[in-house]
Amino acid sequence: MDQTHTDQPLWIPSPEYADGSTINQFRRHLNETLGLNLADTADLHAFSVNDREGFWVALKDYTGVRAETWGDRVLVDGDKMPGAKWFPDARLNYAENLLRRRDSAEAIVFRSETGARRAQTFAGLYDQVSSLTQYLKDRGVQSGDRVAGYLPNMPEAVAAMLAATSLGAVWSSCSPDFGVQGVLDRFGQIEPKVFFCTDGY
C-alpha cells in the first residue's frame, strides 16, 4: 500500500484550544502550587524527566486519585527500564475511583448492533454496581476470588466487572461469540466463584 509521508502535522490546535487543554491547566497548577516557571509543554516534559518523583506526586495530587494508602515510596529502581516501580506500596481500587461521580451525566453510552442507543448515568451505574456488589457478597465473593462474565460488550458487563473489582475479586470475561471450547478453555483455568451470562443480546 502506498503511503505518503510528510513532516507536517495533520492538525494544529488554535492557541485558545491549546491554552484550555488539561495538560496546560496542569502546567499552570504546577507553577502556582510549586512555584515553578514552566512556560510550555516542553518545560513540563523537562520537569517530568528531571524530577520524576516530584512530577508524579504532583500529578497524583492533581488528579485526585483515591487510595487506601500511597505508602512512603514514590519510585523504586528508577534507573531500570523496564523494572522501575511507581508507588510500590500504594493500595487502591480503581472501581472506587471510577464510581466517584453519582450525578445525572452520562457515564456509558451504548450502541447495539442494530444501532439502538442506550445511555446510563453515573448515578444509575453506581446503583447497579452497588446492587451487584451486594449480590456477590451474599455469595461469599472476597478479595482474590474469580468472577467471570460470558457477556457481550454492554453496560451490564461493565457493572458486573466494577462490582467484582470493588471487592478485590479478579474479573475475566469473554464474548458470547466465543465457541464452547474457547469458553471452557478460558474459564476452566480460573474456576470462577460466580459466573454471569446472558441469554441473548
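A short reminder: the numbers here are calculations on the coordinates, not readings from a lab. None of the values given here were measured: they were computed from a predicted structure. Here the Cβ positions follow ideal geometry from the backbone for every residue, glycine too, while neighbour counts run over all protein chains shown.
For the reader, a short list of remarks on this structure follows.
- Here Ala164 does not qualify as closer than 30 Å to Ala67 by Cβ, in contact with a helix residue (DSSP H, G or I) (Cβ under 6 Å, 6 or more places away or on another chain) and aliphatic (A, V, I, L, M).
- Taken together, the criteria exclude Thr114 from residues that are over 17 Å from the mean Cα position of the chain (by Cα) and in contact (Cβ under 8 Å) with a residue 12 or more places away in the chain.
- Selection of region 132-155 for residues being touching a residue at least 24 places away in the same chain (Cβ under 8 Å) and in a helix (DSSP H, G or I) yields Leu132, Thr133, Tyr135, Leu136, Lys137, Pro155.
- Residue in region 41-63 that is surrounded by 15 or more Cβ atoms within 10 Å (Cβ to Cβ) and within 26 Å of Ala159 (Cα to Cα) present: yes
- Any hit, region 178-186, residues being in contact (Cβ under 8 Å) with a residue 12 or more places away in the chain and under 27 Å from Arg91 (Cβ atoms): no
- Residue ranges of helices (runs of 4 or more DSSP H) in region 17-111 with at least 1 members free of Cβ contacts under 8 Å to residues at least 12 places away in the same chain: 22-34, 41-50, 52-63
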